[in-house]
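Since the structure comes first, as structure tokens, the remarks are kept for the end.
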Amino acid sequence: MGQSRAMASPPGPRLPALVQSALFSARPVPFLDACRRRYGTVFALRIIPFGKLTYLADPAACKEVFTGSTSVFKAGQANQFMAPTLGDASLLLLDEDEHLRTRKLMLPPFHGDAVKRYAAVMADIAAAEVDTWPTNEPFATRPSMQRITLEVILRTVFGIDEAERLERLRTLLAAVMEQNPAYLWFEWSRVDLGPRSPYGRYLRLRDRTDAILFDEIARRRKDPRTEERVDVLSLLVRAGLPDRALRDELMTLLLAGHETTATGLAWACERLVRHPEAMARAREDEAYLDATVKEVLRIRPVVLDVARVVGAPATVAGFDIEPGTMVVPAIAPVQRAGDVWPDPERFDPERFLNGSPAPYSWIPFGGGVRRCLGAAFAQLEMKVVLKTILDRAELAPPPDARPEAQRLRHVTLVPERGGEVLLPAKRPRRVAHADDAPGHARDDGVVGDVLGDDGARAQHAVVTDGDAA
């Protein structure tokens, strides 16, 4: 008898790559959910500019990639689009032995116990920001959270405490992060036509930022107090990283730990004001607060997915995957799958109070040797900032209390209205529970109309089961 072999390739929509890309960009989570329902837990897409992608919406398939050989599943190669900002020595852009060596050097400052030393600073920064919040008018929390997380990074990671230098770096870093995302996605847009051209302006802004970072690194090397300092930069200087690597890791920590944590905090506010019972309990119960952070990251993951470029012929979930293809553990669909999570659309921190989730079903920080280095730091920061907010403010839903849709911004999924809340001048009465309607997050029309997907059945499908990309 002959041996069984893998299936040739995963199914997926036959829509043109441009249409798939438009659907993905406009409504990424509903689009992926629709594909999962129609094609199963492994499906193929074509997304500009990444080409062929194999999406994995099954914990077992994700495990195959997360625990597979790093010579086959290359995360650094998949992240190369971030090189213009992060730099070639960034941990996110390294693979195999070079990645493991650098990760080992960087790991100690981000150990679970080590990050606890920063909790008081995080709380002070959050308190100062919350005290500026307006009353009696709805406002988006995400800009506030961005200011908090940027300040936390400048003071705990960069270790800068001089007011003038802090302000200069705040301004420059904020400007760098607001640049046109086309520079990330499209290599053809990276053309320097002088200081007035878009990419030329970006490069000069980056150079000004780098000048401050390299100066700070030089100062730290000369500072006799560096041996006693506990900021992350000082710890990495002591670990022996060269200047260029230090600069690239600082930018990586900034971009990986600023936008993502700020967005997670905005989602936490968006969820909690619609679930006042959960908000009240999180205020009083530390274990429940921890569970709340985990549930926010489950139901509203900040990062849609993580990717690996296949460097050699591979088999994943029974399918043959060609070299050069990106395999993509799909964080959002995995964490919303009804066969893994009971009543997945319901916001319920209780899920995390009675044991751990099934392996590889909760993956907001990725997995394996590429799991986010700053996961403990991010979760601590979310807990500290949320606790500070809940202690100092009684938040209420905004006038438009509909759940906010997830919108793709750069590489993060942000609330469409920025995590809008209301802070009444007086303590409000308890409001009615505002559960999400089942399926609300995918109720966009555009995805269902094109894929012909209305949940359980498809009456007017443009694509059919078994279509290959």
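The values are calculated or read from the model by the stated rules, or taken from the named source; none is laboratory data. Fair warning: this is a prediction, and the values are worked out from it, not measured in the lab. Cβ: placed from backbone, ideal geometry, glycine included. Neighbour counts: every protein chain shown. Just so you know, the surface numbers come from the protein's heavy atoms only, side chains and all, with ligands and any DNA or RNA stripped out. Shrake-Rupley method; radii C 1.70, N 1.55, O 1.52, S 1.80 Å.
Computed quantities for the displayed model
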{"item": "Residues being among the hydrophobic types (A, V, I, L, M, F, W, C), surrounded by 19 or more Cβ atoms within 10 Å (Cβ to Cβ) and assigned to a loop (DSSP other than H, G, I, E, B) - total across the range 90-129", "result": "1"}
{"item": "Pairs where the first residue, in the range 192-209, is on the phi > 0 side of the Ramachandran plot and the second is open to solvent by less than 70 Å² (accessible area, probe 1.4 Å), C-beta under 6 Å, 6+ apart", "result": "G194/G200"}
{"item": "Matching entry among L265, L250, L246 (being under 19 Å from G418 (Cβ atoms) and modelled with pLDDT of 90 or more)", "result": "L265"}
{"item": "Members of the range 220-241 that are touching a residue at least 24 places away in the same chain (Cβ under 8 Å) and open to solvent by 20 Å² or more (accessible area, probe 1.4 Å)", "result": "R229, V230, L235, A239, G240"}
{"item": "Evaluation of V230 against (1) modelled with pLDDT of 95 or more; (2) over 19 Å from the mean Cα position of the chain (by Cα) (one fails), failing number", "result": "(1)"}
{"item": "Members of the range 213-225 that are of a type in the set (D, E, K, R) and either in contact with a Phe, Trp or Tyr (Cβ under 9 Å, 6 or more places away or on another chain) or at pLDDT below 90 (or both)", "result": "E216"}
{"item": "Residue count for the range 398-419, restricted to those that are open to solvent by 30 Å² or more (accessible area, probe 1.4 Å), closer than 14 Å to L272 by Cα and in contact (Cβ under 8 Å) with a residue 60 or more places away in the chain", "result": "1"}
{"item": "Helices (runs of 4 or more DSSP H) contained entirely in the range 259-354, each with at least 1 residues that are open to solvent by 10 Å² or more (accessible area, probe 1.4 Å) and farther than 21 Å from A34 by Cα", "result": "259-272, 276-284, 286-299"}
{"item": "Residues located in the range 365-384, provided they are of a type in the set (A, V, I, L, M) and either without any contact (Cβ under 8 Å) to a residue 24 or more places away in the chain or outside any loop (DSSP other than H, G, I, E, B) (or both)", "result": "V369, A375, A376, A378, L380, M382, V384"}
{"item": "Residue that is nearest to V421 (Cα to Cα), among those in the range 138-165 that are at pLDDT 95 or above and in a loop (DSSP other than H, G, I, E, B)", "result": "P138"}
{"item": "Residues located in the range 339-359, provided they are among the basic types (K, R) and either free of Cβ contacts under 8 Å to residues at least 60 places away in the same chain or over 18 Å from D290 (Cβ atoms) (or both)", "result": "R346"}
{"item": "Flag if D33 is buried (at least 20 other Cβ atoms within 10 Å of the Cβ), within 21 Å of the chain's Cα centre (by Cα), touching a residue at least 40 places away in the same chain (Cβ under 8 Å) and farther than 12 Å from V316 by Cβ", "result": "yes"}
{"item": "Residue selected from the range 191-212 under the condition loosely packed, with under 14 Cβ neighbours inside 10 Å and under 29 Å from G51 (Cα atoms), by the criterion modelled with the highest pLDDT", "result": "S197"}
